[in-house]
Each structure stands twice: as C-alpha cells, then as structure tokens.
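*Asks:* The structure follows.
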Amino acid sequence: SAAGVLVCLLEYPRSKRKRGSTMERCGQKYLTAVVKLLGPLTRNYYIRAVLHAALAVPAGFLLSTILGTVCLGIASGIYLLAAVRGEEWRPIEQKPRERPQGGGTMKLPPSNPPPRP
C-alpha cells in the first residue's frame, strides 16, 4: 500500500519534453514541488528503474499481485532504457503569459480560403 502511494507520487507529475509543448496534469504543480524537493533521487531515471524493480520483487511472491509485478517490471525496463538514452525528469515551468496589446493589433481576415499556403 505504501509502495503504491510512492509509485503514484513519482508517476503522476509529467516531465517536460525536450521539444514541443507538454500539457500539465490537473493538480500536478503540487506534486511537482514534492518531486523537485527530493532532488536527484526522483529526477534520475536509473534510480527510478532500480526502485521499480525493487518494488516488483516482493509482489512476485503472491499470485494475486503478479499483474502488478509485471507492470512494475515493464516500467523498470522503460526507465532503464530512458536513462541509457540520457533522459531525466524535468519539471514543467509556467511561462509568463504575454498580454495582448490594445488598439491597432487587429489583423485582417485571410483573403483566400483554406487550405492556405
């Protein structure tokens, strides 16, 4: 039960992508603060891979928890592959929104129909 809470704490906040944009999950900013507080212990994917593998071992002894064991084992493998490729967890920072300038910034509607070049 405590292991499930730990896994949920680690897995809920999304990491920022290298390219493109990332949508933040609802309420993620609170858990992001906790994950950032733990520092390299939670950012490093090698540590996450070992943690998931270690949590999978005791669950493998009961037939009723085999599915959870398989899921944790697969997650451990994915984290290990990501760590080998040099990835790590990065928080999503909110960019300050630019205010639209008043007056004179209205653009003219397009003159040709879609699809436009």
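The values are calculated or read from the model by the stated rules, or taken from the named source; none is laboratory data. Just so it is clear, the structure is predicted and the values come from calculations on it, not from any experiment. We place every Cβ from the backbone using ideal geometry, glycine too, and count neighbours over all the protein chains shown. SASA here: full protein model, heavy atoms, side chains in, ligands and nucleic acids out. Shrake-Rupley method; radii C 1.70, N 1.55, O 1.52, S 1.80 Å.
*Asks:* Would you work out which of Val70, Thr32, Thr42 lies farthest towards the positive end of the dipole of the chain? Charges go on Cβ: Lys and Arg +1, Asp and Glu -1.
*Replies:* Of the listed residues, the answer is Thr32.
*Asks:* Given the DSSP H assignment, sum -39500 (n - 2.57) over each helix run of at least 4 residues in the chain and divide by its residue total; what's the result at 222 nm in deg cm²/dmol, nearest 500?
*Replies:* Calculated mean residue ellipticity at 222 nm is -15000 deg cm²/dmol.
*Asks:* Could you order Leu9, Leu81 by accessible surface area, starting with the largest, using a probe radius of 1.4 Å?
*Replies:* Heavy-atom accessible area, descending, gives Leu81, Leu9.
*Asks:* By how many nm would the segment from Arg17 to Ala53 lengthen if fully extended, with 0.36 nm per residue of separation less the alpha-carbon distance?
*Replies:* The Arg17-Ala53 span can extend by a further 10.5 nm.
*Asks:* Would you be so kind as to identify all helices of the chain, as entire DSSP H runs, whose Cα atoms reach 24 Å or more along the helix's own axis and whose mean Kyte-Doolittle hydropathy is at least 0.5?
*Replies:* For the chain, where a helix must reach 24 Å along its axis and average at least 0.5, the hits are 66-84.
*Asks:* Shifting gears a bit: Please report the accessible area of Ile78 (heavy atoms, 1.4 Å probe, ligands and nucleic acids excluded) in Å², nearest 10.
*Replies:* About 110 Å², rounded to the nearest 10.
*Asks:* Also, quick follow-up: In debye to the nearest 20, how big a dipole does the chain give about its Cα centre with +1 on each Lys and Arg Cβ and -1 on each Asp and Glu Cβ?
*Replies:* That gives a dipole near 620 debye.
*Asks:* Of the residues Thr69, Thr32, Thr22, which exhibits the maximal mean-square fluctuation in a Gaussian network model of the chain defined by a 10 Å Cα contact cut-off?
*Replies:* Thr22
*Asks:* Quick one: net charge of Pro40's neighbours, Cβ under 15 Å, K/R +1, D/E -1?
*Replies:* +2
*Asks:* Please identify the chymotrypsin sites (Phe, Trp or Tyr not before Pro) of segment 59-89 that satisfy two criteria: DSSP loop assignment and at most 10 other Cβ atoms within 10 Å. Which are they?
*Replies:* Phe61
*Asks:* Follow-up. Expressed in nm to one decimal, what extension gain is obtained for the pair Glu88 and Leu108 from 0.36 nm per residue of sequence separation less their Cα-Cα distance?
*Replies:* Taking Glu88 through Leu108 to full extension adds about 2.8 nm, to one decimal.
*Asks:* Please list, by residue number, every one of the GluC sites (Glu not before Pro) in segment 30-99 that is coil in DSSP and has at most 15 other beta-carbon atoms within 10 Å.
*Replies:* Glu87, Glu93, Glu98
*Asks:* Using a probe of 1.4 angstrom, how much of the accessible area of the chain is carbon and sulfur, in percent?
*Replies:* 65
*Asks:* Shifting gears a bit: Which number comes out as Rg/Rh for the chain once both Rg and the Kirkwood Rh are worked out on C-alpha atoms?
*Replies:* Ratio of gyration radius to Kirkwood radius for the chain: 1.21.
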